[in-house]
Amino acid sequence: MSEQSFDIVILGAGSGGYAAALRASQLGFSVALVEKGKLGGTCLHVGCIPTKALLHSAEVADVTRESAKYGVTSTFGGIDISAVTSYREGIVASKFKGLVGLIKARGITVIEGEGRLVAANTVKVGDDTLVGKNVILATGSYSRSLPGLEIGGRVITSEQALELDFVPKKVAVLGGGVIGVEFSSVWRSWGAEVTIIEALPHLVPNEDEAISKQFERAFRKRGIEFKLGTRFQSVSQDDNGVVVTLENGETVEAELLLVAVGRGPSTAGLGYEEVGVAMDRGFVLTNERLLTNLPGVYAVGDIVPGLQLAHRGFQQGIFVAEEIAGLNPIVIDDANIPKVTYSDPEVASVGLSEAKAVEKYGADKVTSYDYNLAGNGKSHIIGTSGSVKVVRVNDGPVVGVHMIGARVGELIGEAQLAVNWEAYPEDIAPLIHAHPTQNEALGEAFLALAGKPLHAI
């Protein structure tokens, strides 16, 4: 049994926790980083990185099938799932090794085990006691289910989906948000039949409605089926598969049911409520500076209400380290954090949708322009369709950018700068976008909103 003191004790070493640790050590603080699993958390091991590896495998499969139209002779022979697994695991292992080395080089003390908050400034890990002048709660999230829907057997979450050692022939996916459509995209590219069940009126329902509708057309064209505005009722399973029953009486038969209805905050049993941290349905409540109701106790990442994105947690971790250092970092509103869905097609957005902009500023104060990627040379070359939609306040700044098409996630950097720096289209219009690039599509949209469209009428 031992007691150690640090400037900052961080509970959880996922994106938010390790980012806070790295920035805090850079600022001269002594840091303890507590983690019961592996450094990097969900994003590195069972989330962002491994799923994107699967999506790249899926992209290669699609390109191989379509290679003849690019003048390349090749034959698609199928998916070697063991080789895909080796590829995925190799990427994760490499990133993990790099993170471990970085944490060690920064002199951060890593404590392995499950931590529990026992006082506002104290964390217990087994028999060890860690006392911090400040404590950062960063315990992440888990795959949620629905009431009465038990995970097990042929009813799986994204974590089990990653570990499958076969390519299913037919899959039902409960949830048409990011996780659901990304796995649907992978499995369809690998040859599976896929049916998505979404209770809301659209797939990727958090996106601008115009983007969601284009996305649905693209998935329909790919042969991915979906049932919208229909709620799940029950599921039965046997050795051969599952039967999903919907509230309207329809049934969907498949080998597997992927439950992708979002992620819940991992806060239960960690002592937060007992110590007096303000909570709401398992989430930790904070002010805009990410400080809880307890002095010196902060929270970051998926346990804080709002977008559950690795890069949000990462930014919040940096923010809190700088806040503790008295640097008064800038608050970034959730609406202005970039979002990317890495399916085929990709979806990327930042800022307000047109509907949200109208709600905030009024219909007569908002203008949008939708640039079709059919007019973009690079998009034509790589064989993608889609659009770039920019929303502005009349005679004012860009407040939203919404994109759909292959690789549009790579365009989100300029888009988030435009939104967060409150740039006017007239400010951006004189700037040069290299040709031929997909980036030109953003340039064309800004030109159009500035009143001088070049390649559009």
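Just so it is clear, none of the values below were taken in a lab; they were calculated from the coordinates. Just so it is clear, the model here is predicted, and its values are computed rather than measured. Glycine gets a Cβ as well: all are built from the backbone with ideal geometry, and neighbour counts include every protein chain shown.
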For the chain, return all DSSP H helices satisfying: extent of Cα atoms along own axis at least 27 Å; mean Kyte-Doolittle hydropathy at least -0.5. 81-105
Would you please give the residues with an amide H less than 5 Å from that of residue 226, counting only those at least 5 places away or on a separate chain, with H modeled from the backbone geometry? 196
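For the stretch 301-383, state which trypsin sites (Lys or Arg not before Pro) are in a DSSP loop and have at most 14 other beta carbons lying within 10 Å of their beta carbon.
Details: sites: 312, 339, 356, 360, 365, 378; in loops: none.
Answer in residue order: no site qualifies.
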Determine ³J(HN,Hα), in whole Hz, for all residues of the stretch 153-162 in sequence, where each value follows from phi through the Karplus function 6.51 cos²θ - 1.76 cosθ + 1.60 and θ = phi - 60°; x replaces Gly and Pro. x, 8, 9, 10, 9, 4, 4, 5, 4, 4
For the stretch 188-217 and the stretch 315-380, what is the separation of their C-alpha centers, rounded to whole Å? 20 Å
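Would you kindly calculate the translational diffusion coefficient of the chain, applying Stokes-Einstein with the Kirkwood radius from alpha carbon pairs, for 10 °C and a viscosity of 1.306 mPa s, and quote it in µm² s⁻¹ without decimals?
Details: Rh = 23.7 Å.
Estimated via Stokes-Einstein, D reaches 67 µm²/s.
Using the C-alpha gyration tensor of the stretch 321-457, what are the square roots of 5 times its eigenvalues, in whole angstrom, with the largest one first? Please report the intermediate quantities before stating the final value.
On the way: eigenvalues 126, 71, 41 Å².
Semi-axes (√(5λ), whole Å): 25, 19, 14.
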Between the stretch 15-36 and the stretch 128-164, what is the separation of their alpha carbon centroids in Å? 21 Å
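Mind listing which GluC sites (Glu not before Pro) in the stretch 282-386 are in a DSSP loop and have 14 or fewer other Cβ atoms within 10 Å?
Listed in order of number, the matching sites are 288.
If each residue's Cβ is checked for other Cβ atoms within 10 Å, how do 427, 280 rank with the fewest at the top?
280, 427
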Looking at the P(r) of the stretch 231-316, how many percent of alpha-carbon pairs lie beyond 22 Å? 48 percent
Neighbouring Cβ atoms within 10 Å as the yardstick, rank 303, 381, 332 fewest first. 381, 332, 303
For the stretch 1-124, what does the relative contact order come out to in percent, with C-alpha contacts under 8 Å and a separation of six or more? 32 percent
Under 16 Å Cα-Cα from residue 104, which lysines qualify once same-chain neighbours fewer than 8 residues away are excluded? 38, 95
Per principal axis, descending, Cα span of the stretch 95-164 in whole Å: 45, 33, 20
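Would you kindly state the longest site-free stretch of the chain, with sites defined as chymotrypsin sites (Phe, Trp or Tyr not before Pro) in a DSSP loop (not H, G, I, E, B) surrounded by at most 15 other Cβ atoms within 10 Å? Write out the running numbers ahead of the final one.
Working: sites that count: 76, 166, 421.
The segment 167-420 is the longest one with no such site.
Among DSSP beta bridges lying fully in the chain, give the percent that are antiparallel, nearest 5.
Values: 46 of 81 bridges.
Close to 55 percent.
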Determine, for each peptide in 242-251, 34-43, the mean count of other beta carbons within 10 angstrom over its residues, then list the peptides with the highest first. 34-43, 242-251
Run the reach check for residue 365 against lysines, Cα to Cα strictly under 16 Å, same-chain hits fewer than 8 apart removed. What comes back? 356
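Please rank 64, 286, fewest neighbouring Cβ atoms within 10 Å first, as an exposure proxy.
On the way: 64 13, 286 23.
Ascending Cβ contact count within 10 Å gives the list 64, 286.
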Listed by chain and number, the residues whose amide H is under 5 Å from that of residue 400, excluding neighbours fewer than 5 places away on the same chain and using placed H, are 352, 391
Reachable lysines from residue 133, criterion Cα separation under 18 angstrom, eight or more residues apart if same chain: 124
Hand me the GluC sites (Glu not before Pro) from the stretch 141-175 located in a DSSP loop with no more than 16 other Cβ atoms within 10 Å, in residue order please. 150, 163
Based on alpha-carbon atoms only, what is the radius of gyration of the stretch 1-148 relative to the globular estimate 2.2 N^0.38 Å? 1.40
Euclidean distance between Cα centres, the stretch 232-268 to the stretch 440-457, Å: 45 Å
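Quote the FRET efficiency, to the nearest 0.05, computed for residue 145 versus residue 80 with a Förster distance R0 of 35 Å and r equal to the Cβ-Cβ distance. Working shown, then result.
Working: r = 31 Å, r/R0 = 0.90.
Given R0 = 35 Å and the Cβ-Cβ separation, E is 0.65.
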